[in-house]
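Since every read-out is calculated from the coordinates, none of them should be taken as a lab result. Model, not experiment: these values are computed from the prediction. Note: ideal-geometry Cβ built from the backbone for every residue, glycine included; neighbour counts use all protein chains shown.
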Amino acid sequence: MTAKELRETQAAWDEVAAGFDEYATPLTISFAEMALDGVDLGPGVRFLDVAAGSGALSIPAARLGAEVMATDVSPTMVELLAARARNEDLADLEARVMDGHALEFEDDTFDVSASQNGVSLFPDMQRGLREMVRVTKAGGKVLILAFGPPTEAEFLAFFTGAMQAAVPGFDGLPMDPPPLPFQVADPEKLRAQLADAGLNDIQIDTETWEMEFQSATHLWDVVVNSNPIAVALVADLSREQITEVQDILDAQLRERAGESGPAVLTTRMNIGSGTK
């Protein structure tokens, strides 16, 4: 990544960081907690989180007692992550600004290196994976949590369906190639990426992430603050169009929720792991 590309990437993620921390991270923590059940974490285990956002994976790992190093390219994300750690008195969690394509650590430093919807968003995902493998100890584990197919992400299907109904000419997200968050939606593609990065004993599991949405506004806030791609998607909408999209979402969520309670939307996730 050139210096110019780095600055542009930092600025894009800084822009969404506050909303990401408020809306996306609380939902994502719940899935991270489930995914970490299969990882042996505890005191003395050195855990690296790459492209950590504001801590959806780092915070649960630190709660389990691991010594966590969280990195993200966005200074604002790192500040928000550090604030979450302070609020929970997680003294063994350190957060640093860092480009995941060029990690500033020695080889063989961490017992577990992980990323949740982070390295799987990199344009050069393979470079990010190789860096994770490099800094992981021999015999250590690399863990990647990534979106499955966009057709099996109900939060996205609800949102794009409402956009198509309300916004003339909106055809949905381009799928050839798919958006970066879905570049390893095929489990076999994720397996190949992990193998190419030098990992052994690769395992790919698919899990269902159940996401609770309290309202149409909640779903809107989660989506539009989740990624700079989403910011660009809604940038030119009028206030009337935004209201219409949210009205359509409200009807969809009410139908899903039934008489009461939040609407539960499911998303298929791939959990890939391998040993160095």
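Would you calculate the separation in nanometres between label points at SER30 and ALA165, each defined as 7 Å from the Cα along the Cα-to-beta-carbon direction?
Taking the simple label geometry, SER30 and ALA165 are separated by 2.3 nm.
Count of lysine pairs in the chain with Cα atoms under 22 Å apart, counting only pairs 8 or more residues apart in sequence or on different chains?
4
What does the extension gain come out to for ARG7 and GLU152, with contour length at 0.36 nm per residue minus their alpha carbon separation?
48.9 nm
Evaluate the charge dipole of the stretch 67-133 about its Cα centre and quote only its size in Debye, nearest 20, assuming +1 on the Cβ of each Lys and Arg and -1 on the Cβ of each Asp and Glu.
Once rounded to the nearest 20, the dipole reads 340 debye.
Given the DSSP H assignment, sum -39500 (n - 2.57) over each helix run of at least 4 residues in the chain and divide by its residue total; what's the result at 222 nm in deg cm²/dmol, nearest 500?
Value at 222 nm, helices only: -13000 deg cm²/dmol.
Using Cα centres only, tell me the gap between the stretch 91-147 and the stretch 185-200 in whole Å.
The stretch 91-147 and the stretch 185-200 have Cα centres separated by 15 Å.
Are there GluC sites (Glu not before Pro) in the stretch 86-116 that DSSP puts in a loop and that have at most 15 other Cβ atoms within 10 Å, and which ones?
In loop regions of the stretch 86-116 (DSSP not H, G, I, E or B), the sparsely surrounded GluC sites (Glu not before Pro) are GLU88, GLU104, GLU106.
I'd like the GluC sites (Glu not before Pro) in the stretch 200-276 restricted to DSSP loop residues with at most 10 other Cβ atoms within 10 Å, sorted by number.
GLU259
Once a ≥ b ≥ c are taken as the square roots of the eigenvalues of the Cα gyration tensor of the chain, is the result rounded (a/c under 1.5), prolate (a/b larger than b/c) or oblate (a/b not larger than b/c)?
Verdict is prolate for the chain.
Over the chain, what is the percentage of antiparallel beta bridges among all DSSP beta bridges, to the nearest 5?
55
With only Lys, Arg, Asp and Glu charged, each at its Cβ (+1 for the first two, -1 for the last two), find how big the charge dipole of the chain is about the Cα centre; round to the nearest 20 debye.
440
Positive end of the dipole of the stretch 150-276, charges at C-beta (+1 Lys, Arg; -1 Asp, Glu), about the Cα centre: which of THR217, PRO179, GLY261 has its Cα farthest in that direction?
The residue sitting farthest along the positive end of the dipole is PRO179.
Extension gain GLN241-GLU104, at 0.36 nm per residue separation less the Cα-Cα distance, in nm?
Net length gain for the segment: 44.8 nm.
Dipole of the chain (Lys/Arg Cβ +1, Asp/Glu Cβ -1, origin at the Cα centre): which of ASN227, SER30, LEU48 lies farthest to the positive side?
Of the listed residues, the answer is LEU48.
Spin-label point model (7 Å from Cα, Cβ direction): what's the MET175 to LYS137 distance in nm?
It is 4.5 nm.
Any chance you could run the full-extension gain for ALA83 through GLU259? It's 0.36 nm times the residue separation minus the Cα-Cα distance, nm to one decimal.
Between ALA83 and GLU259, full extension yields an extra 59.6 nm.
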